[in-house]
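Single-structure report; data block below.
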Amino acid sequence: MVSYPKRIATYLKKSGPKAKLIKLLLILFIGMVIFVGCIILFISPITKYLVEKYDYKYTGREIKIDRAYVNPFTGFVHFSNLRIYEDKSDSIFFSANGIDLNITLNKLLSKTYEISDLTVDKPIVKIVQSKKDFNFNDLITKFSSGDSLSSKAPLHFNVLNVKIINGIFYYIETEIPINYSIIKLDIESPGKSWNSDTITSKFSFSSGIGSGDIKGELTVNLKTNDYRLATVIQKFDLNIIEQYLKDLTNYGTFSANLDADLKSSGNFNSVDSVTTSGQLSINDFHFGKNPNDDYASFDKLKIAIKEVSPKNLIYFIDSLSLIHPYFKYERYDSLDNIETMFGQNGSNITAVKADAGKFNLVIEIADYIKALSKNFFRSNYNIKRLAIYNANLKFNDYAISEKFAMALDPFSLISDSIDKNNKRVNVYVKSGILPYGGMNIALSINPTDSSDFDLRYHLNKIPATLLNPYLISQTSFPFDRGTIELSGTWNVRNSMIKSENHLVIIDPRLSQRFNNKLPKWIPMRLIMAFVREGGNVIDYKIPITGSLKDPKFHFRDVIWDIIKNIFIKPVTTPYRMEVKTIETELEKSLALKWEMRLSSLGSIQEKFIKNMVLFLEKNPDAMITVSPNYYDIKEKEYILFYEAKKKYFSSINNLKNTSLNFKDSMKVDKMSIKDPLFIKYLDSKIKDTLLFTIQEKCGSIIDQNIINTKYNQLNKERIGVFMAYFKESDLEKRVKILPGENIIPYNGFTFYRIDYKGEFPESLIKAYRKMNKLNNASPRKKYKEERTKKLPQ
């Protein structure tokens, strides 16, 4: 059987000229196919060879490609696994799984290079910065010098239909250091023609080291540098801020995320040219010593922007609200918590700003906000609603002999219609004061002149015992009763003050003197005799005049009132009635106070309990209920101080026995926690450099279990001492001790609340009043003996 090709050949031999022409055309066609095939077959490896051979000559970088495919007839080019390396390094600067581009061949004849489609699949870019130097500076120098193909590029160059798919961008700053990334980067753009100045694009990406997504549209005019941006941000993690904060702080942590839906336009050459509208909120903000100890935090800061245009002096904000902010300010022996973090007087920030070669995103953001808001009060501003909801503002003072703590919680601030065109702007503040008390403030201010305002304030039901840490440090005498009220009005015009301030302390009563080496001694009982008015009330008005920069306090009026008090002592009937009301309320449930760290009772306290025993003996059906109210925070602080001082005392005196004799116990008890040698001892024992307070330092050398054991033993001894009087008369079954409650007591001391179903007899009430009567304290010597009866060993 004859094969098919031989049959064709035989046919052609028998054919005439026409067949020969067909044969010629067929040969030409086959030749062209072979030629095209050879070109396609060899041009791709040749392209790969040429790129890798001349890469350094034209780019200054080594380039590697796994595979290249080039179709010179369609203009399609594909590079597989492209890698561009760092300058003189084996580290990769840029890589991509694949790059596809289509070159429009017919436009080459008109001296126009056009890439009609460009797609980059899974690109990875690594940007490294060291001060002002970037790892791509050599590329900028190379191409700007003209020593590359770019200098020979035709005048007309079009890049159209650009797509970047699933890219990753790494940013590394070696000085601070910063290590940040974004992932899932998608960019789609119609591209740019040589005769067009505008580029538009859609983009989206996710945080690489946290959560959150950003998407938007950007239009840029390359000739004028004008831009338009519309962006939507969803729970985008702001942890890059923490990395820059490390350059500004000695320690600390930061976390927050961002939501936004904004439309902006402006010019890259002018910061204040931006015009913005939309909504922005920062959520779950935390900044502090560590993740468990915040200095500042809030649930949400939300800003609804109608229009903000600094250049046009327009600040129209629909609402600005701060939800559940928290701020803690603490004073230590030398610095405060802000200065320990940022350096004394912000020295860390000053140092970073002084380094012109260093970029810090936090400082740049702060400067940008400052630039945007510098003309706020000169602008046509309008904030329809400004609000702070449920704030907690704390103040702790560790710089005195014992910790002072108070807080404004819950704190709220409301203001509507903050408008420059309004004659007055009203601001209302309401807050609780922890542990007790409240505050109300009403402010009416001229929006065009901050030195023109009216202010009314009232602080009420603040326990005088709240001030005991300061009173002990400065006078040696704490309060064990009293309520403070402070109110006033300020009318300020052109910075000139006219104000009345009214201080009232209702039923102030001093406790025993603290016999400690550090605190100063002031004859408080004598002073109280002078300043207290009839009805056991301190009531003074303190006018303030002058200017805001130089206010003048008119204490002459106070001094004159004191002089009148000495000789006249007028009875303040309203307050006397209030004192009686307070006493009547207290006497519904009697209270027995315990001195700090002591389980012994004073002689008058003993007499009061004996009167209670007599009452039960005369009333066989009567029963009393005792509710212990423990001031455990303060009691444990005192125990901690004592145990730390005892450990120091034993160390310097080479005492191996953990128990001390009476004399040594007294020395330890009187030793000041601010004693320089004691502090030096603590500093030598601690390893954690972030312990700033005496409390923290003592806690580092004393096990918390020891404190808890001592505290539980103290409470057990107190119950035993109290019940001993009833056991002697076989009455313990008619006294019910309830489980204790840990509180911050109004009187500043642990106490037993004593309740009885019925009316206490007048004899017991008299004994109670005598126990709490002003100046009924035992003589100093007797008190000292009582204090040392059960001094911890």
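Modelled label-to-label distance, Lys461 and Ile46, 7 Å Cα→beta-carbon offset: nm? Calculated label separation equals 9.4 nm. Solvent exposure of the range 210-249, expressed per residue, is 51 Å² of accessible area, with all protein chains present and a 1.4 angstrom probe. First measure r as the distance between the Cβ atoms of Tyr56 and Ser204, then evaluate 1/(1 + (r/R0)^6) with R0 = 45 Å and state the FRET efficiency to the nearest 0.05. Computed FRET efficiency for Tyr56 and Ser204 comes out at 0.80. The residues packed around Ser273, meaning those with a beta-carbon under 13 Å from its beta-carbon, carry a net charge of 0 if Lys and Arg are +1 and Asp and Glu are -1. If R₀ is 51 angstrom, what is the calculated FRET efficiency for the pair Ala351 and Ile314, using the beta carbon separation as r and rounding to 0.05? Plugging the Cβ-Cβ distance into 1/(1 + (r/R0)^6) gives 0.85.
Ligands, DNA and RNA excluded, the heavy atoms of Ile604 present near 40 Å² of accessible surface to a 1.4 Å solvent probe. In whole percents, the pair-distance distribution calculated for the range 414-543 from its alpha-carbon pairs, binned every 10 Å from zero, is 12, 30, 27, 19, 10, 2, 0. In nanometres, what is the gap between the two model label sites at Tyr428 and Arg67, each 7 Å from Cα along Cα-to-Cβ? In this crude spin-label approximation the distance works out to 7.4 nm. Once the Cβ-Cβ distance of Thr112 and Ile92 is raised to the sixth power relative to R0 = 30 Å, the FRET efficiency obtained is 0.35. Its relative contact order, with pairs defined as Cα atoms under 8 Å and 6+ residues apart, puts the chain at 6 percent.
In terms of its C-alpha gyration tensor, the range 155-196 has an oblate overall shape, because the principal axis ratio a/c (a ≥ b ≥ c, square roots of the eigenvalues) is not below 1.5 and a/b does not outweigh b/c. Dipole check for the chain: with +1 at the C-beta of Lys and Arg, -1 at the C-beta of Asp and Glu, and the Cα centre as origin, the magnitude is about 640 Debye. Rounded to the nearest 10 degrees, the angle from helix 704-728 to the longest Cα principal axis of the chain is 30 degrees. The three principal axes of the C-alpha atoms in the range 232-357 carry coordinate ranges of 48, 36, 24 Å, sorted with the longest axis first. Net charge dipole, the range 213-254: roughly 140 debye, given to the nearest 20, about the Cα centre with Cβ charges of +1 for Lys and Arg and -1 for Asp and Glu.
The chymotrypsin sites (Phe, Trp or Tyr not before Pro) of the range 196-260 that DSSP puts in a loop, and whose beta carbon has at most 13 other beta carbons within 10 Å, are Tyr251. Shown in residue order for the range 731-742 are the 3J(HN,Hα) couplings computed by the Karplus curve 6.51 cos²θ - 1.76 cosθ + 1.60 at θ = phi - 60°: 10, 4, 6, 9, 10, 9, 9, 7, x, x, 10, 8 Hz (x for Gly and Pro). Largest first, the extents of the alpha carbon coordinates of the range 376-436 on the three principal axes equal 51, 22, 16 Å. With a cut-off of 12 Å, note down the residues of the range 728-762 whose backbone N falls inside the zone around a label point 7 Å from the Cα of Asn619 toward its beta carbon. Within reach of a label on Asn619, which here means backbone N under 12 Å from a point 7 Å along Cα→Cβ, the range 728-762 contributes 755-762. Mean residue ellipticity at 222 nm, helices only, the chain: -9500 deg cm²/dmol; runs of at least 4 DSSP H residues each add -39,500 (n - 2.57), and the sum is divided by the number of residues.
Here the label points at Lys300 and Asp186, each 7 Å from Cα along the C-beta direction, are separated by 2.8 nm in the simple model. Legend: distances between Cα atoms for Lys394/Lys667; Lys370/Lys697; Lys634/Lys667; Lys663/Lys716; Lys541/Lys674; Lys328/Lys461; pairs beyond 30 Å are Lys394/Lys667; Lys370/Lys697; Lys541/Lys674. Between Ile542 and Gln344, what length in nm is gained on full extension when 0.36 nm per residue of separation is reduced by their alpha carbon distance? Length gained between Ile542 and Gln344: 67.7 nm. Put +1 on the Cβ of each Lys and Arg and -1 on the Cβ of each Asp and Glu in the chain; which of Thr465, Ala230, Gly191 then has its Cα farthest toward the positive end of the dipole? Working it through, the farthest residue towards the positive pole turns out to be Gly191.
Remark: accessible surface ordering of Leu50, Leu361, Leu248 (largest first) is Leu50, Leu361, Leu248, probe radius 1.4 Å.
Applying a DSSP loop filter and a limit of 14 other Cβ atoms within 10 Å to the trypsin sites (Lys or Arg not before Pro) in the range 96-133 leaves Lys111, Lys131, Lys132.
Using a cutoff of 8 angstrom between alpha carbon atoms and counting only pairs six or more residues apart, the relative contact order for the range 66-187 works out to 21 percent. Computed over protein heavy atoms with a 1.4 Å probe, the accessible surface of the range 359-484 works out to 46 Å² per residue.
Under the rule a/c < 1.5 gives rounded, and otherwise a/b versus b/c splits prolate from oblate, where does the range 328-484 land using the Cα gyration tensor? Oblate, because a/c is 1.5 or more while a/b does not exceed b/c.
Among the GluC sites (Glu not before Pro) found in the range 316-424, not one is both in a DSSP coil and sparsely packed, with 16 or fewer other Cβ atoms within 10 Å of its Cβ. Which of rounded, prolate, oblate describes the range 615-705, given a ≥ b ≥ c as roots of the alpha-carbon gyration tensor eigenvalues and a/c under 1.5 marking rounded, otherwise prolate only if a/b is larger than b/c? Since a/c reaches 1.5 and a/b is larger than b/c, the shape of the range 615-705 is classed as prolate. Other residues with beta-carbon under 12 Å from the beta-carbon of Phe649 carry, at +1 per Lys or Arg and -1 per Asp or Glu, a net charge of +2. The accessible surface of the chain, taken with every protein chain in place and a 1.4 Å probe, is 59 percent carbon and sulfur.
The values are calculated or read from the model by the stated rules, or taken from the named source; none is laboratory data. Everything numeric in this text was worked out from a predicted model, so none of it was measured. Here the Cβ is made from the backbone with ideal geometry for all residues, glycine too, and neighbour counts use every protein chain on show. Note: areas computed on protein heavy atoms with side chains; ligands, DNA, RNA excluded. Shrake-Rupley method; radii C 1.70, N 1.55, O 1.52, S 1.80 Å.
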